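Chemist: This is the structure, below, for whatever I ask next.
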Amino acid sequence: MNTIIQRIDPENFRDEELQEACSILQKGGLVAFPTETVYGLGGDALRQEASAKIYMAKGRPSDNPLIVHIADMDSLRDVADNVSEEALQLAENFWPGPLTMIFKKREKVPKSTTGGLETVAVRMPSHPVARALIRESGVYIAAPSANTSGRPSPTKAEHVREDLDGRIDMILDGGAVGIGLESTIVDMSTNVPTILRPGYITKEMLERVLDNVQVDPAITAKTMNPNIVAKAPGMKYRHYAPKGQMTIVEGESEAVIREINRLVREKKQEGSSVAVIATAETEMRYVCDHVKSIGSRKTEGSIAAGLYDILREMDHIGAEYIYAESFEQDGLGKAIMNRMLKAAAYHVIKV
């Protein structure tokens with residue numbers, strides 16, 4: 001398959017520029033497109049064959065649900081049942097934006113899209129290209145991240161091309177995305193709204209709207225549970241991972257720096273290629289050929305935006321072992337650590 005790559009300016013484009021992409025979606029094909037979080041791999045959410053193509057292109061387990069992307073509230077009621085007043089309050093405050101909500105699904109949504117579940121994950125993106133694509137195609141777009149399953153999510157079109165060139169019909173290249181982490185997922189199909197995946201919309205932000213929001217224990221778990229029923233993407237399988245073995249070192253800053261430098265010396269003596277993921281505050285403290293700053297701890301947004309790019313860079317330099325500092329487990333830091341723990345397959349050293 002020849003993958004078409006079309007450049008589009010998110011700040012200045014005409015709907016007519018999306019005509020070919022819309023046609024591909026309407027015919028059951030796949031289009032990768034930018035959102036405010038990461039690049040998504042889109043197909044018609046109501047066509048079983050389109051969902052099957054998404055799973056095949058990504059090499060994604062079929063019990064890992066897809067997120068249905070919509071452009072207006074009427075569409076929510078068309079795909080989701082039992083939309084509560086609490087869900088409407090969240091939508092009013094955070095849609096369009098990086099929040100996904102889970103509801104009981106309508107009959108028209110095939111289980112091939114929902115990972116075999118009776119629930120459906122729904123999001124209304126704020127990115128202008130994503131919104132125009134949904135609106136102009138007339139298609140509810142099922143879209144996981146546009147990468148090979150398990151790899152770091154794509155924040156640039158070139159990341160999509162690295163993983164999926166020749167496997168999908170088109171890539172809409174809208175440049176680098178803004179947030180860089182997938183959406184927050186909240187399960188609204190239970191009695192108490194429950195965060196299943198942390199993201200840019202934090203628990204503290206949700207609690208300004210709703211009185212009671214809980215966090216699924218899987219988020220704070222220190223191991224991956226292969227037997228879990230995944231109601232949301234990213235709950236069950238290893239994700240976001242570079243090819244090398246990544247280890248997170250937790251503890252007081254000076255102790256972390258000493259331990260990482262010790263581990264680097266040990267692996268270099270063995271003849272291995274080693275890299276360190278540091279912060280702007282500590283990058284000069286490490287003795288390693290490859291030290292990459294992920295951003296400043298003072299601006300967690302910059303760390304979130306750069307995380308996946310850094311993880312992909314680890315592959316480009318051929319790092320066999322990667323050592324990373326940890327981050328606070330509150331606010332946006334919770335989302336950052338959630339992704340890093342999965343990338344490291346929960347390899348953590350405490351000092």
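The values are calculated or read from the model by the stated rules, or taken from the named source; none is laboratory data. Keep in mind that what you see is a predicted model, and the values were worked out from it rather than measured. In this analysis, Cβ positions are derived from the backbone assuming ideal geometry, glycine residues included, and neighbour counts consider all displayed protein chains. What goes into the accessible areas is simple: the full protein's heavy atoms, side chains included, and nothing from ligands, DNA or RNA. Shrake-Rupley method; radii C 1.70, N 1.55, O 1.52, S 1.80 Å.
Chemist: Please work out if E266 is closer than 30 Å to R161 by Cβ and open to solvent by 50 Å² or more (accessible area, probe 1.4 Å).
Modeler: So E266 fails the test.
Chemist: Within region 321-331, which residues are surrounded by fewer than 21 Cβ atoms within 10 Å (Cβ to Cβ) and closer than 21 Å to I195 by Cα?
Modeler: Scanning region 321-331 gives E328, Q329, D330, G331.
Chemist: If you don't mind, another one. Would you mind telling me which numbered condition in (1) touching a helix residue (DSSP H, G or I) at 6+ places or on another chain (Cβ under 8 Å); (2) aliphatic (A, V, I, L, M); (3) over 12 Å from Y321 (Cβ atoms) V274 fails?
Modeler: Failed condition: (3).
The rows are residues; the columns are (1) under 19 Å from the mean Cα position of the chain (by Cα); (2) surrounded by fewer than 17 Cβ atoms within 10 Å (Cβ to Cβ).
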{"site": "V274", "(1), (2)": "no, no"}
{"site": "S296", "(1), (2)": "no, yes"}
{"site": "A304", "(1), (2)": "yes, no"}
{"site": "I310", "(1), (2)": "yes, no"}
{"site": "D315", "(1), (2)": "yes, yes"}
{"site": "A319", "(1), (2)": "no, no"}
{"site": "K334", "(1), (2)": "yes, no"}
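Chemist: Let me ask something else. For region 89-106, what are the residues that are at negative phi, in contact with an Asp or Glu (Cβ under 9 Å, 6 or more places away or on another chain) and in a loop (DSSP other than H, G, I, E, B)?
Modeler: P96, P98, R106
Chemist: Looking only at strands (runs of 3 or more DSSP E) that lie completely in region 1-88, which have at least 2 residues being surrounded by 14 or more Cβ atoms within 10 Å (Cβ to Cβ) and at pLDDT below 95?
Modeler: Ranges flagged: none.
Chemist: Among all residue pairs at least 6 apart or on different chains, which show Cβ distances below 6 Å where the first residue, located in region 136-153, is under 13 Å from K342 (Cα atoms) and the second is in a loop (DSSP other than H, G, I, E, B) and of a type in the set (S, T, N, Q)?
Modeler: Note: pairs meeting the criteria are S153/N147.
Residue-wise test of (1) modelled with pLDDT of 95 or more; (2) touching a helix residue (DSSP H, G or I) at 6+ places or on another chain (Cβ under 7 Å).
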position	(1), (2)
G150	no, no
T155	yes, yes
V160	yes, no
D173	yes, yes
S183	yes, no
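Let's see how each residue does on (1) among the basic types (K, R); (2) open to solvent by 60 Å² or more (accessible area, probe 1.4 Å); (3) closer than 19 Å to M314 by Cβ; (4) over 23 Å from the mean Cα position of the chain (by Cα):
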position: G244; (1), (2), (3), (4): no, no, yes, no
position: R262; (1), (2), (3), (4): yes, yes, no, yes
position: T282; (1), (2), (3), (4): no, no, yes, yes
position: S293; (1), (2), (3), (4): no, no, yes, no
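Okay, residues lined up against (1) of a type in the set (G, A, S); (2) in contact with a Phe, Trp or Tyr (Cβ under 7 Å, 6 or more places away or on another chain); (3) without any contact (Cβ under 8 Å) to a residue 60 or more places away in the chain:
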| position | (1), (2), (3) |
| --- | --- |
| I4 | no, no, no |
| N12 | no, no, yes |
| A32 | yes, yes, no |
| P61 | no, yes, no |
| L66 | no, no, no |
| A71 | yes, no, no |
| D74 | no, no, yes |
| V109 | no, no, no |
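Chemist: Suppose the filter is open to solvent by 40 Å² or more (accessible area, probe 1.4 Å), within 23 Å of A45 (Cα to Cα) and touching a helix residue (DSSP H, G or I) at 6+ places or on another chain (Cβ under 9 Å); does R167 pass it?
Modeler: yes
Chemist: Mind counting the residues in region 158-181 that are aliphatic (A, V, I, L, M) and more than 12 Å from T3 (Cα to Cα)?
Modeler: Here the count works out to 4.
Chemist: What residue, of V139, V129, V186, is among the β-branched types (V, I, T), more than 17 Å from T37 (Cβ to Cβ) and open to solvent by less than 30 Å² (accessible area, probe 1.4 Å)?
Modeler: Every option except V139 fails the conditions.
Chemist: Further, regarding this structure: Please give the number of the condition V160 fails out of (1) over 14 Å from the mean Cα position of the chain (by Cα); (2) among the aliphatic types (A, V, I, L, M); (3) part of a helix (DSSP H, G or I).
Modeler: So the condition that V160 fails would be (1).
Chemist: Sticking with this structure for a sec: Within the set of pairs 6+ apart or on separate chains, which have a first residue in region 277-296 that is touching a residue at least 40 places away in the same chain (Cβ under 8 Å) and among the aliphatic types (A, V, I, L, M), a second that is in a helix (DSSP H, G or I) and open to solvent by 60 Å² or more (accessible area, probe 1.4 Å), and C-beta atoms under 9 Å apart?
Modeler: As it stands, the answer is A278/M284; A278/R285, since those pairs meet every condition given.
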